[in-house]
């Protein structure tokens with residue numbers, strides 16, 4: 001695909017939204033690094049993707065491919081703990097897999113706080129056709 005003006009605008013919009021969330025978990029220096037790496041990978045994916053008519057939705061989808069998150073705190077875990085239903089947290093975490101499937105993506109996760117790990121890891125991958 002070509003790296004058009006539309007492809008350049010979408011990351012600006014989405015990164016500003018993501019920054020708000022990232023600020024809860026990362027320092028400004030770490031956020032800068034995450035954004036730099038994401039932009040690089042975003043461009044690489046665009047250039048690797050065959051042209052499919054210039055549909056702007058592809059740019060949005062590409063923003064979510066190959067993204068990795070690692071969380072050391074979880075609002076869901078804290079909520080379940082405060083409500084004395086911690087045993088339900090792993091089941092709620094399973095909902096992430098269903099949610100990503102609706103976006104034609106797949107979540108790869110090996111560790112969760114709810115299972116006693118030191119962090120939750122999230123790899124978001126495009127579903128293979």
Exposure proxy ranking, count of Cβ atoms within 10 Å, fewest first, for 95, 1: 95, 1
Segments 67-75, 19-27 sorted - mean Cβ within 10 Å per residue, highest first: 67-75, 19-27
On Cα atoms only, tilt of 5-22 relative to the major axis of the chain in degrees: 20 degrees
Overall dimensions of the stretch 67-129 by Cα: Rg and Dmax, Å: 12.4, 42
Computed [θ] at 222 nm, helices only, for the chain once each DSSP H run of length n ≥ 4 contributes -39500 (n - 2.57): -17000 deg cm²/dmol
Distance from the stretch 74-129 to the stretch 16-31 (C-alpha centre basis), Å: 20 Å
Whether the chain is rounded, prolate or oblate, judged on the alpha carbon gyration tensor where a/c under 1.5 counts as rounded: prolate
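FYI, it's all coordinate maths here, none of it is from the lab. All values derive from a computational prediction rather than experimental measurement. Positions of Cβ are backbone-derived with ideal geometry, glycine not excepted, and every protein chain shown enters the neighbour counts.
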